[in-house]
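See below for the structure under consideration.
The values are calculated or read from the model by the stated rules, or taken from the named source; none is laboratory data. Please read these numbers as outputs of a predicted model, since none were measured by experiment. All Cβ positions, glycine included, derive from the backbone under ideal geometry; neighbour counts span all protein chains shown. Each accessible area value is taken on the protein alone, full model and side chains, heavy atoms only, with ligands, DNA and RNA left out. Shrake-Rupley method; radii C 1.70, N 1.55, O 1.52, S 1.80 Å.
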Amino acid sequence: MQYLFDDKGRRYLDAFGGIATVCCGHCHPDVVEAIVNQTKRLQHSTVLYLNHAIADFAEALANKLPGNLKVVFFTNSGTEANELAMMISRLYTGCHDIISLRNAYHGNAAATMGATAQSNWKFNVLQSGVHHALNPDPYRGVFGSDGEKYAKDVQDLIQFGTSGNVAGFISEAIQGVGGIIELAPGYLPAVYSTIKKAGGLCIADEVQAGFARTGSHFWGFENHGVVPDIVTMAKGIGNGIPLGAVVTTPEIAEVLTRRSYFNTFGGNPVCTSGGLAVLKVIEKEKFQENAFVVGTYLKERLTALKNKYDLIGDVRGRGLMLGVELVTDQKLKTPAKLETIHVMDQMKELGVLVGKGGFYGNVFRITPPLCFTKEDADFLVDAMDYTMEKM
């Protein structure tokens with residue numbers, strides 16, 4: 001579940017969840033049983049032959065999404081899902097230009113590396129047709145929490161960097177790799193409106209924020225009151241098995257009939273059986289509610305820690321997708337890179353595993369399995385408190 005054991009049998013509290021992937025808990029019996037049973041029955045047939053496993057999961061997944069988001073394409077990863085979403089938007093609109101955000105991470109293949117906007121993750125290869133807008137970062141951004149001021153930059157990019165029409169806009173609701181940055185309030189509604197006027201499609205990358213992790217809603221974009229044209233997902237969708245998906249409307253999906261689109265392993269019976277089990281477990285065990293209750297409690301405790309130590313510059317996020325940014329100077333917000341590594345290592349010695357992210361590598365990424373308890377939250381914060389007190 002929320003625990004991992006090393007080769008000597010020592011137990012660790014996993015507060016990273018395999019990079020926001022293990023949503024139901026490690027080796028959840030219901031998910032394991034679904035995967036094993038399907039493997040015994042039929043492991044692979046490709047989608048050339050219809051199988052109830054893919055149809056059942058596609059239907060269940062579409063029922064979790066708003067509006068006319070009813071067509072599901074399965075992939076093996078978030079990178080593949082975002083690649084496909086970007087290609088669909090370009091085919092549907094007849095435009096090439098896509099707008100992404102600075103500090104974003106959307107994958108490491110050809111198009112997605114272009115949409116990714118951190119030099120740490122970008123190799124020096126051809127990346128074309130992506131414009132990166134100002135990041136609506138409430139902590140470090142130039143306009144603080146004023147989402148509409150950041151949104152104006154997207155309008156400027158369209159007017160002064162494109163033909164006036166674009167293929168689309170892609171963003172996470174909470175940037176994961178970027179350091180758990182929740183987009184400034186009012187930003188997404190304003191940008192979605194601007195993109196629509198420029199003929200583009202809006203893509204919501206739910207690879208990390210999706211599947212009940214934010215607690216208040218099942219999908220991250222719902223926290224912003226918007227409905228995208230395309231939704232991409234992976235990680236939590238399968239609790240650790242290679243599975244991703246692109247969900248869009250029938251009208252938009254039709255563009256893929258112009259040629260033969262195919263993915264050998266996408267939608268294989270084993271992965272889709274596991275995916276359906278994940279949806280059932282989230283509902284049966286009320287993990288969304290738990291993410292909200294435990295996440296709220298954990299954030300309150302971390303905020304109290306922020307008031308105790310100058311080393312903590314910001315505590316942010318929602319549900320069980322939280323970030324703690326460490327700085328050496330509260331005013332200058334100087335990234336505390338070495339201190340972050342030190343605290344992370346010491347917490348591991350105490351039996352707590354947390355992730356690290358943000359461009360400067362100074363943000364703790366706390367994305368545990370959604371079965372995390374208040375007792376687990378206390379252990380995590382106490383370990384962080386103990387470590388910082390000794391520094």
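Worth a mention:
- Inter-residue pairs, beta-carbon under 8 Å, first in the same structural domain as A209 (by the TED database) and in the range 237-252, second modelled with pLDDT under 95 and crowded, with 24+ Cβ neighbours inside 10 Å, 6+ apart: G244/G266
- Residues satisfying the stated conditions in the range 297-325, i.e. under 19 Å from the mean Cα position of the chain (by Cα) and touching a residue at least 40 places away in the same chain (Cβ under 8 Å): R316, G317, R318, G319, L320, M321, L322, G323, V324, E325
- Matching residues, the range 109-132, being of a type in the set (S, T, N, Q) and either assigned to a helix (DSSP H, G or I) or at pLDDT 95 or above (or both): T112, T116, Q118, S119, N120
- I88, sole failed condition from (1) part of a helix (DSSP H, G or I); (2) surrounded by fewer than 16 Cβ atoms within 10 Å (Cβ to Cβ); (3) not hydroxyl-bearing (S, T, Y): (2)
- Members of the range 329-358 that are out of contact with any helix residue (DSSP H, G or I) (no Cβ under 7 Å at 6 or more places or on another chain) and in contact (Cβ under 8 Å) with a residue 40 or more places away in the chain: K333, E339, H342, K348, G351, L353, G357, G358
- For the range 1-50, a residue qualifies if it is open to solvent by 80 Å² or more (accessible area, probe 1.4 Å), in contact (Cβ under 8 Å) with a residue 60 or more places away in the chain and either assigned by the TED database to the domain that holds D376 or among the acidic types (D, E) (or both), and exactly one does: E33.
- Within the range 370-381, restricting attention to residues that are assigned to a loop (DSSP other than H, G, I, E, B) and among the hydrophobic types (A, V, I, L, M, F, W, C), the residue that is most open to solvent (accessible area, probe 1.4 Å) is C371.
- In the range 213-227, the residues that are on the phi > 0 side of the Ramachandran plot reach residues that are among the polar types (S, T, N, Q) with C-beta atoms within less than 9 angstrom, at least six apart or across chains, in these pairs: G215/Q288; G215/N290; G215/T296.
- For N165, the criteria (1) open to solvent by 50 Å² or more (accessible area, probe 1.4 Å); (2) farther than 30 Å from V315 by Cα; (3) free of Cβ contacts under 8 Å to residues at least 60 places away in the same chain; (4) not aromatic (F, W, Y) hold in every case but one, which is (3).
- Of all residues in the range 194-226, those being among the hydrophobic types (A, V, I, L, M, F, W, C) and within 22 Å of G94 (Cα to Cα) number 6.
- Considering only residues in the range 134-158 that are open to solvent by 40 Å² or more (accessible area, probe 1.4 Å) and acidic (D, E), the one that is farthest from H96 (Cα to Cα) turns out to be D146.
- Of the strands (runs of 3 or more DSSP E) contained entirely in the range 284-369, those carrying at least 3 residues that are open to solvent by less than 40 Å² (accessible area, probe 1.4 Å) fall at 312-318, 321-329, 363-366.
- Checking each residue in the range 133-184 for being in a strand (DSSP E or B) and more than 25 Å from A111 (Cβ to Cβ) picks out only E182.
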